[in-house]
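Worksheet: the structure to be examined is printed underneath.
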Number of protein chains: 2
Amino acid sequence: MTRVAVLAGGVGAARFLDGLVRVVPPSDVTAIVNVGDDMEWAGLHISPDLDTITYTLSDLVNPETGWGLRGESRRTLDRLSELGGPDWFMIGDLDLATHLYRTHRLSAGDTLSDITRDLTARLGLECVITPVTDDRLRTVVCADAGELAFQDYFVRRRASDAVHSLRFDGAESAQPAPFVRDALASADAIVIAPSNPFLSIDPLLSVSGVRELVRSSKHKVAAVSPIIGGQAVKGPAADILQSLGHDVSALGVARIYAELANVFILDQEDASLAPAIETETGMRVVVMPTLMIDVDAKMALASGTLKAVLDAA
Amino acid sequence: MTRVAVLAGGVGAARFLDGLVRVVPPSDVTAIVNVGDDMEWAGLHISPDLDTITYTLSDLVNPETGWGLRGESRRTLDRLSELGGPDWFMIGDLDLATHLYRTHRLSAGDTLSDITRDLTARLGLECVITPVTDDRLRTVVCADAGELAFQDYFVRRRASDAVHSLRFDGAESAQPAPFVRDALASADAIVIAPSNPFLSIDPLLSVSGVRELVRSSKHKVAAVSPIIGGQAVKGPAADILQSLGHDVSALGVARIYAELANVFILDQEDASLAPAIETETGMRVVVMPTLMIDVDAKMALASGTLKAVLDAA
């Protein structure tokens, strides 16, 4: 039995988890998911990262985008647009049901982690998917245009603003959700998924005690680089590395994770960076293909990562 | 120019208004609409009576039901049901857009009357449709099962509980929406639509000053009976008349409106009740067909009602 806890953002983490639950029993996996991207939209509570992971693991995800649902339609959104309502955030008719369900239960006083547990159980998932916190946590992007709510920056403005800094509203008082501490403490391996270090992983770590728990478990932590050949596989990670003054490379990412991880998973394309990363960060670097182009690639990355961290521990 | 203000509930009022705007210029018509039926559903603010009237007047209504939209689908609701969410209140995919639009703007601090004005303008309506109040007002049904929220009684439990009494939560502090006082004061005719006297009209009258304004305008007020041959055309009005100890007849309704109206519009089927109503209530009774089976019938009822109240004034 190898219990694995994964610090997870959206699409990259979802794909990694999709491989992981095929190489270890799903019930041994806990995904601890970012909620800094959550938003209120027309009265509904939307949790994009929780949904991306849930949809991916239940094989409902739209494979073209990596988020949203397969066979989705936009009848409501098109009508909302005709009425002059907010239409910049794509919400399909099926996806909407998830947000209505979640909001309905939140209004009834249930916690986001309880709701997520019931939703994932209803979809037949055996792994644990939990928000990092049941408390309010919101990523705020500071840019030339001022402070932007995360989805405003990410979707409405298409992540085109240079990011000067980030803050996580609510982090000072947010407590970990019920299973988070236990999952980290009892894990045989903790994986920092190939997610955006600033937008996905940092908000997770900002929740009370989480960074400390990961740091004190460093011997069993692997981080998977989301940067390949100086570029992000998806999203604005490279731009943010640059605008925040980091090296736009896997080395730049490795420096960020040096205090937290024992093992760094580097894409084969970046193999030449391995010595520098080992020397500079003290992490053990393991080189492998990290591009998750199909199920086999996802499984190979998950098992390779697990093996690396268990070997090094 | 004949300015008409209509105290309006849902389907019956919507049909009356649909006739009215064809016999006087729509811009001379103000519908003052019940919001006691409003509800919060999964975080969304739903205003069933405002929507029924708006959809009817913009020719979008489902003619089979008298509420909801034509060509509606239930993709989101079916999915919500699969997820184990609340599915007893029928909300179609197109209808949902209205609730999202309204809730989005309410969250932004706009008033229900402003939102309704913009929605109706967007749909090309020239009449004024206004909630009776922008404040919170909720009809609560007291039955054997305890206190029931209105839609719980009406939809979920199919109006099957005997109603012991009704109260209107928020009525003590609710103020009329901006155009309500003016519309009533400046109207040449005020019509109490053929709506449920207890569930639709009473909550309207419970808003601060509205009952007094109508009463003091009694000389220009006509009430249209929603009861024909001892039965409600639609909904539980007859059952409620009975359970609250009223006569289950147009006479029972006439007694309720005696203090407010000068003219009572009685269906031809109930013509024999006219003398008793005139004697007992002092209202002038005008007999005509009141069943709004088609556009011609709606127009005839609207023009007949207007003529009766203007003649009597």
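The values are calculated or read from the model by the stated rules, or taken from the named source; none is laboratory data. What you see is a predicted model; the values in this text were computed from it and never measured. Cβ atoms come from the backbone with ideal geometry, glycine included; neighbour counts cover every protein chain shown.
For B:P26, state whether it is surrounded by fewer than 23 Cβ atoms within 10 Å (Cβ to Cβ), closer than 30 Å to A:S73 by Cα and more than 14 Å from chain A (Cβ to nearest Cβ).
Values: surrounded by fewer than 23 Cβ atoms within 10 Å (Cβ to Cβ): yes; closer than 30 Å to A:S73 by Cα: no; more than 14 Å from chain A (Cβ to nearest Cβ): yes.
It is false that B:P26 is surrounded by fewer than 23 Cβ atoms within 10 Å (Cβ to Cβ), closer than 30 Å to A:S73 by Cα and more than 14 Å from chain A (Cβ to nearest Cβ).
Out of A:I91, A:I115, A:I129, I need the residue that is among the hydrophobic types (A, V, I, L, M, F, W, C) and more than 19 Å from A:V180 (Cβ to Cβ). Which one?
A:I91
Do any helices (runs of 4 or more DSSP H) entirely within the range B:47-132 hold 1 or more residues that are touching a strand residue (DSSP E or B) at 6+ places or on another chain (Cβ under 7 Å) and more than 11 Å from every other protein chain (Cβ to nearest Cβ), and if so, which?
Output list reads B:48-57, B:112-122.
So A:A193 fits all but one of (1) over 27 Å from A:K234 (Cα atoms); (2) surrounded by 22 or more Cβ atoms within 10 Å (Cβ to Cβ); what number is the exception?
Going through (1) over 27 Å from A:K234 (Cα atoms); (2) surrounded by 22 or more Cβ atoms within 10 Å (Cβ to Cβ) one by one, A:A193 breaks only (1).
Condition (residue is farther than 21 Å from B:G235 by Cα and either touching a helix residue (DSSP H, G or I) at 6+ places or on another chain (Cβ under 6 Å) or within 14 Å of chain A (Cβ to nearest Cβ) (or both)) applied to the range B:153-175: is it met by at least one residue?
In the first step, residues of the range B:153-175 are kept if they are farther than 21 Å from B:G235 by Cα; the result is B:169-175.
Add one more test, that the residue is either touching a helix residue (DSSP H, G or I) at 6+ places or on another chain (Cβ under 6 Å) or within 14 Å of chain A (Cβ to nearest Cβ) (or both), and what stays is B:171.
Looking for residues that are farther than 21 Å from B:G235 by Cα and either touching a helix residue (DSSP H, G or I) at 6+ places or on another chain (Cβ under 6 Å) or within 14 Å of chain A (Cβ to nearest Cβ) (or both), one finds at least one in the range B:153-175, hence yes.
Conditions (1) closer than 28 Å to A:L96 by Cα; (2) β-branched (V, I, T), marked per residue:
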position	(1), (2)
B:S27	no, no
B:W41	yes, no
B:D95	yes, no
B:T98	yes, yes
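Could you check, for the range B:116-123, whether at least one of its residues is under 30 Å from B:G209 (Cα atoms), over 18 Å from the mean Cα position of the chain (by Cα) and surrounded by fewer than 21 Cβ atoms within 10 Å (Cβ to Cβ)?
Of the residues in the range B:116-123, the ones under 30 Å from B:G209 (Cα atoms) are B:116-121.
Cutting the leftovers down to over 18 Å from the mean Cα position of the chain (by Cα) gives us B:118-119, B:121.
Checking the rest, the ones that are also surrounded by fewer than 21 Cβ atoms within 10 Å (Cβ to Cβ) come to B:118, B:121.
For the range B:116-123, residues under 30 Å from B:G209 (Cα atoms), over 18 Å from the mean Cα position of the chain (by Cα) and surrounded by fewer than 21 Cβ atoms within 10 Å (Cβ to Cβ): present.
When the residues of the range A:43-91 are filtered to those that are without any contact (Cβ under 8 Å) to a residue 40 or more places away in the chain and closer than 19 Å to B:W41 by Cα, which remaining residue is surrounded by the most Cβ atoms within 10 Å (Cβ to Cβ)?
A:T76
With (1) closer than 21 Å to A:D152 by Cβ; (2) more than 14 Å from chain B (Cβ to nearest Cβ); (3) in contact with a Leu (Cβ under 6 Å, 6 or more places away or on another chain) as the list, and A:D37 as the residue in question, which single condition is left unmet?
Failed condition: (3).
So A:A222 passes all but one of these: (1) under 16 Å from the mean Cα position of the chain (by Cα); (2) in a loop (DSSP other than H, G, I, E, B); (3) modelled with pLDDT of 95 or more. Which condition number does it fail?
Only one criterion in (1) under 16 Å from the mean Cα position of the chain (by Cα); (2) in a loop (DSSP other than H, G, I, E, B); (3) modelled with pLDDT of 95 or more is unmet by A:A222, namely (2).
Inspect the range A:256-275 for any residue being surrounded by 22 or more Cβ atoms within 10 Å (Cβ to Cβ) and modelled with pLDDT under 95 and give the result as yes or no.
no
Does A:V21 satisfy the condition of being closer than 18 Å to A:D296 by Cα and of a type in the set (V, I, T)?
Answer is yes for this residue.
In the range B:285-292, is there at least one residue being of a type in the set (A, V, I, L, M), in a loop (DSSP other than H, G, I, E, B) and either over 19 Å from the mean Cα position of the chain (by Cα) or farther than 16 Å from B:S217 by Cα (or both)? I'd like the intermediate steps shown before the answer.
Applying the first criterion (of a type in the set (A, V, I, L, M)) to the range B:285-292 yields B:285-288, B:291-292.
Retained after the next criterion (residues that are in a loop (DSSP other than H, G, I, E, B)): B:291-292.
Pick out the ones that are also either over 19 Å from the mean Cα position of the chain (by Cα) or farther than 16 Å from B:S217 by Cα (or both) and you get B:291-292.
Yes, the range B:285-292 contains at least one residue that is of a type in the set (A, V, I, L, M), in a loop (DSSP other than H, G, I, E, B) and either over 19 Å from the mean Cα position of the chain (by Cα) or farther than 16 Å from B:S217 by Cα (or both).
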